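The values are calculated or read from the model by the stated rules, or taken from the named source; none is laboratory data. Quick caveat: nothing in here was measured; it's all calculated off a predicted structure. For neighbour counting, all protein chains shown are included, and Cβ atoms are generated from backbone atoms with ideal geometry for every residue, glycine included.
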């Protein structure tokens with residue numbers, strides 16, 4: 001970015017070119033419309049199917065996460081119309097930073113019930129502690145990221161020191177989220193290993209004819225975990241490079257490693273929702 005004074009820019013002009021914005025580009029309209037529509041539909045879907053399944057926490061986590069993504073991409077549509085729209089910029093950065101934390105919360109909550117169904121004795125952590133520990137950490141991550149987004153969004157171009165402070169707070173929140181997900185992933189891998197060694201997946205499930213659906217939902221959980229974690233790892237260098245860094249100004253990488261990763265996570269948990277794949281898990285929840 002050059003030394004042009006853009007503190008009073010409100011629209012694109014020769015004095016306020018697109019190249020001087022944080023992203024350095026005009027957001028792609030078709031891609032952002034598709035993502036906004038997709039997440040909006042998924043949000044409504046999870047409300048409807050969540051009410052039928054009475055999976056309240058899972059419903060809230062996925063619906064809120066999806067609808068926040070929708071708001072974020074709708075704001076990027078606003079940026080397509082005017083890249084100097086500070087309100088649209090603040091909405092999209094806040095919503096797209098926070099939304100995956102809610103998707104992760106749905107994964108943590110489901111893990112509790114998977115452990116309870118398969119065999120609590122194979123888990124190093126008591127099932128009831130999974131949501132308390134990991135959703136609690138997720139809330140901490142959300143608070144840090146929201147606070148950072150608020151500080152950066154309110155600072156504006158005239159206070160670069162505050163913008164950097166907000167950026168650093170968001171980075172801390174994302175790093176905390178990556179650490180939380182990594183620990184959860186290690187515990188899940190250890191649980192599966194102990195289950196396989198103990199032959200816990202046995203004849204009872206085969207007799208009941210329910211194992212296929214249950215395994216499908218577990219696969220969706222793993223899929224969502226990997227895609228959300230990939231997105232969070234991408235966000236670390238993207239934010240750490242500072243506002244307007246080359247990675248932040250690459251929209252293709254953003255759409256693939258952020259938008260598409262979260263979309264794939266939500267898609268997997270929508271298609272293989274426990275209402276369709278393992279109703280026995282819903283019956284055993286508490």
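Summary of values
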item: Residue check, residue 186 surrounded by fewer than 17 Cβ atoms within 10 Å (Cβ to Cβ) and at pLDDT 90 or above; result: yes
item: Unique residue being in contact with a helix residue (DSSP H, G or I) (Cβ under 7 Å, 6 or more places away or on another chain), buried (at least 21 other Cβ atoms within 10 Å of the Cβ), without any contact (Cβ under 8 Å) to a residue 60 or more places away in the chain and within 30 Å of residue 252 (Cα to Cα) when the list is 101, 141, 66; result: 141
item: Residue within segment 113-133 that is within 16 Å of the chain's Cα centre (by Cα) and crowded, with 23+ Cβ neighbours inside 10 Å present; result: no
item: Matching residues, segment 4-36, being without any contact (Cβ under 8 Å) to a residue 12 or more places away in the chain and over 11 Å from residue 84 (Cα atoms); result: 5, 14, 15, 30, 34
item: Helices (runs of 4 or more DSSP H) (entirely within segment 193-286) containing at least 1 residues that are at pLDDT 95 or above; result: 211-240, 251-254, 261-271
item: Residue match in segment 27-38 (condition: part of a loop (DSSP other than H, G, I, E, B) and modelled with pLDDT under 95); result: no
item: Candidate set from segment 250-263 (those that are within 20 Å of residue 18 (Cα to Cα) and surrounded by fewer than 18 Cβ atoms within 10 Å (Cβ to Cβ)); member that is nearest to the chain's Cα centre (by Cα); result: 253
